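Derivation of every value follows stated rules applied to the coordinates shown; laboratory data play no part. Source: prediction; values computed, not measured. Here the Cβ positions follow ideal geometry from the backbone for every residue, glycine too, while neighbour counts run over all protein chains shown.
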Amino acid sequence: MIGKLVFALVATALAPVLGGLISGVDRRITAWLQSRYGPPVLQPFYDVLKLLGKRPMATNIWQVLCAYVYLSAAAVSVFLFFLQTDLLLIFFTLTVGAVFLVMGALASPSPYSQIGGQRELLQMLAYEPLLILVFVAIAMTTGSFKISAVFAMDKPLLYSLPLIFVVLGYALTIKLRKSPFDISTCHHAHQELVRGVLTEYSGPYLAALEIAHWFEVVLMLSICALFWATSVWGMLILVALTYFVEILVDNVMARMTWKWMLRSVLGVGLVLSVLNMLWLYAN
Amino acid sequence: MLEKFINAGRLKSPWIMHFDCGSCNGCDIEVLACLTPLYDIERFGIINVGNPKHADVLLVTGTVNHRNKHVLKNLYDQMPDPKAVIAIGACGLSGGVFREAYNVVGGVDKVIPVDVYVPGCPSRPEAIIDGVVEALERVKVKLGLAG
């Protein structure tokens, strides 16, 4: 038990480093796809360090509270994942964090921040049912919501849940803030909403949100890795391939509207999940 | 130690915000040209942000007049320290050909402190990138890092 706790703590401490590196590689590959040279791989760390060194400015105290709750919820959900606990518990922790991010955005009267917050709520409305369905499908296969049950399987989950993996891909695209679902905020220079939910955050608080985002990226990619839990190489290859497809989709798609997002994500996602579950049930 | 890392970050990630203070769009197009794959300023960690709260460097083009000087001051005040200001083009430097007009205040430095002046009508993208590099040198001096 002590060994597992120490492993989870070390993994949680390393998660932001890994998340930052993934983000740096992401920017390099994106630049390559756009025939640019791109920033150094360590650029996300420079950005966050700089933000940490800026003078703190906040519109009100609730914003600060929300930033730190979001960060801690993201860190706790990564910790729970590496402790191999309940998938539902991780889901609820993640949701608490996401709700606080929206509350922080809605705490200031800026129109950009308000619209960003409402769009973030719509994004949650789109990806959360899908994430629950993914976890239910995993539980239908393994017989338990515990992550340890997934590692006890002798066959990769992907064989029995191929359509569910596609559904997880939709949730992943929204969570990674990639096109076509980057409607509340994104990393690129789309200016019409300024930075959406992040508009009113600055300096160290923006850095806290960026670190929280790294935690979430690591968590979502770890959930992807569960689909090939039988070998380490299988996990790495599956995650790398999935992330490359995400970057590709980000670069070839335009940003879509929230109505299109709800229709396509919920429509396609629900149909694919139900088909996969019926197939599981028939077996 | 942490201070050293933070200073490294400050020099490697200057996020710029561009404010058109009544320019003819000549300089604005040159500023945006810096973002294209040809110049690709993101390789220096420079990102164009649309928000003073996220910006480290303010690029101002065009003449300042009595109406927009309040906007300029407001944007400058919303940027958290440490920050730098770069005035771009003949109009941003001194008011250019419009300096005698009754509604024109003059250069950007009449309203907010300017660190670097980039001349030209319009300024070339290379000159603007040089200006940002020069502004980083000024920041270095302010932080006491210049050797």
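The table that follows gives values for the structure above.
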quantity: Area projected by the alpha carbon convex hull of the range A:95-145, averaged over all directions, nm²; calculated: 3.5 nm²
quantity: Axial C-alpha extent at least 24 Å, average Kyte-Doolittle at least 0.0 - helices from chain A (DSSP); calculated: A:2-33, A:61-82, A:87-106, A:111-142, A:203-225, A:232-252, A:258-282
quantity: Calculated from backbone phi, Karplus (6.51, -1.76, 1.60) coupling profile of the range B:43-55 in Hz, x at Gly/Pro; calculated: 5, 9, x, 7, 10, 8, 10, x, 9, x, 5, 9, 8
quantity: Reciprocal mean inverse distance between Cα atoms of the range A:111-270 - Kirkwood radius, Å; calculated: 16.6 Å
quantity: Three-way shape label, the range A:62-205, alpha-carbon gyration tensor, a/c 1.5; calculated: prolate
quantity: q = 0.09, 0.15, 0.18, 0.22 Å⁻¹: log10 I(q)/I(0) that the Debye formula gives for the range A:1-127, counting C-alpha atoms only; calculated: -0.36, -0.98, -1.21, -1.23
quantity: Of all DSSP beta bridges in chain B, antiparallel share, percent nearest 5; calculated: 10 percent
quantity: Convex hull volume per residue in cubic angstrom - Cα atoms of the range A:1-66; calculated: 152 Å³
quantity: Calculated P(r) of chain A - Cα pairs past 26 Å, %; calculated: 42 percent
quantity: Estimated dipole of the range A:2-282 in Debye, rounded to 20 [Cβ of Lys and Arg +1, of Asp and Glu -1, Cα centre]; calculated: 280 debye
quantity: Residue-averaged [θ]222 nm for the protein assembly as shown, counting only DSSP H segments that reach four residues, each worth -39500 (n - 2.57); calculated: -20500 deg cm²/dmol
quantity: Rounded to whole Å, sorted largest first: equivalent-ellipsoid semi-axes of chain B, Cα gyration tensor; calculated: 26, 17, 13
quantity: Full-extension gain in nm, A:K259 to A:S231, via 0.36 nm per residue minus C-alpha separation; calculated: 6.1 nm
quantity: Prolate/oblate/rounded call for the range A:190-283, Cα gyration tensor, a/c under 1.5 rounded; calculated: oblate
